[in-house]
Amino acid sequence: MPDLTPYGFAKIIEEHNIVLAFQGMMTNDILSVVANNLQKKHPDDVMSKRVFSIVVEMAQNINLYSSEVAYSESDKRQVGQGTVVISETADEHIIYSGNLVENDKVPSLLEKCNRINALGPDQLREYFIEQRRLPEDEDSVGLVEMVRKSGNPLVFDLENIDSHNTFFTLAISVNKKAKQ
Amino acid sequence: MENFTINGKLFIPSVNFNAETHLLEIGGESYHEFTKEFYQPIMEWLKNYLAIPENTIVFNFKMNYYNTSSSRRFLEIFDMLEDYHTNKNGHVTVNWYYQAGDLDMLESGEEYAEDVGLPFNFFVMN
C-alpha cells in the first residue's frame with residue numbers, strides 16, 4: 001500500500017523525478033500553467049519549448065480521442081480526460097500521457113505509431129507536410145510533431161481493460177543535449 | 001472595411017489586420033484547443049478582405065509558439081493568400097520572423113514556404 005500522506009506522496013514524486021503531473025480535463029488554463037512553469041525554469045530555452053509542445057499535443061489528443069469524457073463548464077462541451085506526467089533527470093525529460101481509447105480504434109492507432117517510428121528525420125518532415133493536408137481526424141500530425149520535437153521514437157503501450165476500452169500509454173523523451 | 005484586431009494573451013495570438021495599409025500581422029502564442037472556432041472570425045474577415053482584388057499585401061508572421069491545430073489554420077490562411085496572389089492580381093509577401101536560435105520556428109516557416117506558392121522572407125526577431 002503506497003503512503004499517500006503529503007510526506008509519502010512527496011517522496012514518491014521525488015523518487016520518480018516528477019516535475020509535473022496532471023489527471024483530468026486538459027483545458028487551456030491547465031496548459032497555460034504548464035507553459036508558465038517550464039518557461040520559469042528554463043527561460044528562452046528551445047528545449048523547454050519542445051517539451052511544452054509535446055505536452056500540448058498530448059493534451060490535444062486526450063481531449064479529442066480519450067473515450068473517458070466529462071463535461072467541461074468552461075468549454076461548454078464534453079472533453080476527454082487523461083493523465084500527463086513530466087519527469088526530469090540530469091539527462092532528459094520524459095513526457096508521459098495516458099488515456100482510454102475504444103477497442104475498435106486500437107488497430108489504426110497502432111498502425112499510425114508504427115508507421116511514424118519507421119521514418120527518419122527527412123521523411124518525417126515530408127510526412128508532416130503531407131498529413132497536414134488530410135482531414136483533421138484522419139491525420140497523424142500531432143504524433144509526428146511529438147517525434148520531431150523529441151528526436152526520439154514514440155514509446156507506447158496498449159493494455160486491454162475490458163470489452164470496450166484499452167489504456168493507451170505514450171512516453172516521449174527529450175534529451176537535454178539534443179542538437180538544436 | 002473595418003480593421004480586425006485581437007489582443008493576444010496566454011494561448012491566444014495578437015492579430016492586427018489593417019485593410020487600409022494592407023499590413024496583416026499575427027504574433028504571440030496560439031494553442032487554443034478549439035482552433036476552428038477561434039479562427040473562424042479571422043477567416044471570415046480575410047474572405048471579405050480578399051474579395052477586393054489587386055492589393056499589395058504584407059503578411060508579418062511573428063508567432064513564438066503554436067500547436068499543430070493552429071498550424072492547420074495558418075495553412076488555410078496561406079492557401080487563401082496564395083489564391084489571391086495567383087488568381088486575383090494581388091501581390092502577397094510573407095515575412096516570417098523567428099527568435100535568434102529558434103531553428104524549429106525557422107524550419108516551420110520553410111515548410112510552409114515549400115507547401116504554398118507565396119514568396120517568403122525570413123527574419124530574426126529583435
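The values are calculated or read from the model by the stated rules, or taken from the named source; none is laboratory data. All figures in this text were calculated on a predicted structure; none of them were measured in a lab. Glycine also receives a Cβ, built like all others from the backbone with ideal geometry; neighbour counts cover every protein chain displayed. Areas reflect the complete protein model, heavy atoms only, side chains present, ligands, DNA and RNA absent. Shrake-Rupley method; radii C 1.70, N 1.55, O 1.52, S 1.80 Å.
For segment A:35-64, a residue qualifies if it is more than 22 Å from B:Glu107 (Cα to Cα), within 9 Å of chain B (Cβ to nearest Cβ), within 17 Å of the chain's Cα centre (by Cα) and polar (S, T, N, Q), and the qualifying residues are A:Gln60, A:Asn63.
Considering only segment A:52-60, I want to know if a residue exists there that is among the hydroxyl-bearing types (Ser, Thr, Tyr) and open to solvent by 40 Å² or more (accessible area, probe 1.4 Å). No, the conditions are met nowhere in segment A:52-60. Sub-7 Å Cβ pairs linking a first residue in segment A:64-87 that is under 21 Å from A:Asp139 (Cβ atoms) to a second residue that is part of a loop (DSSP other than H, G, I, E, B) and open to solvent by 30 Å² or more (accessible area, probe 1.4 Å), at least 6 apart or interchain, are A:Gly80/A:Glu68, ordered by first then second residue.
Within segment A:3-37, how many residues turn out to be aliphatic (A, V, I, L, M) and under 14 Å from A:Val85 (Cβ atoms)?
Going through segment A:3-37 one residue at a time, the tally reaches 9.
Quick one: would you say A:Asn117 is under 21 Å from B:Asp104 (Cβ atoms) and at pLDDT 95 or above?
Numbers: under 21 Å from B:Asp104 (Cβ atoms): yes; at pLDDT 95 or above: yes.
In short, yes.
Residues in segment A:80-103 include none that are of a type in the set (D, E, K, R) and touching a Gly at 6+ places or on another chain (Cβ under 8 Å). Looking across segment A:114-131, just one residue is in a loop (DSSP other than H, G, I, E, B) and open to solvent by 50 Å² or more (accessible area, probe 1.4 Å), and that is A:Ala118.
Just one of the listed residues (A:Val19, A:Val56, A:Val51) is under 19 Å from A:Gly142 (Cα atoms) and touching a residue at least 40 places away in the same chain (Cβ under 8 Å), and it is A:Val51.
Would you point out which residue out of B:Asp79, B:Asp83, B:Asp115 is more than 14 Å from A:Ile129 (Cα to Cα) and out of contact with any strand residue (DSSP E or B) (no Cβ under 8 Å at 6 or more places or on another chain)?
Values: B:Asp79 fails: more than 14 Å from A:Ile129 (Cα to Cα); B:Asp115 fails: more than 14 Å from A:Ile129 (Cα to Cα).
Result: B:Asp83 is the single residue among B:Asp79, B:Asp83, B:Asp115 that is more than 14 Å from A:Ile129 (Cα to Cα) and out of contact with any strand residue (DSSP E or B) (no Cβ under 8 Å at 6 or more places or on another chain).
Is one or more of the residues making up segment A:139-159 in a helix (DSSP H, G or I), surrounded by 19 or more Cβ atoms within 10 Å (Cβ to Cβ) and of a type in the set (Ser, Thr, Tyr)? The answer is yes, given that some residue of segment A:139-159 is in a helix (DSSP H, G or I), surrounded by 19 or more Cβ atoms within 10 Å (Cβ to Cβ) and of a type in the set (Ser, Thr, Tyr).
Residues considered: A:Leu124, A:Leu134. Of these, the only one that is under 19 Å from the mean Cα position of the chain (by Cα) and at negative phi is A:Leu124.
Kindly indicate which of B:Tyr31, B:Tyr112 is facing chain A (nearest Cβ under 10 Å) and at pLDDT 95 or above. Result of the check over B:Tyr31, B:Tyr112: B:Tyr112. Within segment A:62-88, the set of residues being of a type outside the set (Asp, Glu), within 22 Å of A:Asn37 (Cβ to Cβ) and open to solvent by less than 50 Å² (accessible area, probe 1.4 Å) comprises A:Ile62, A:Asn63, A:Ser72, A:Val79, A:Gln81, A:Gly82, A:Thr83, A:Val84, A:Val85, A:Ile86, A:Ser87.
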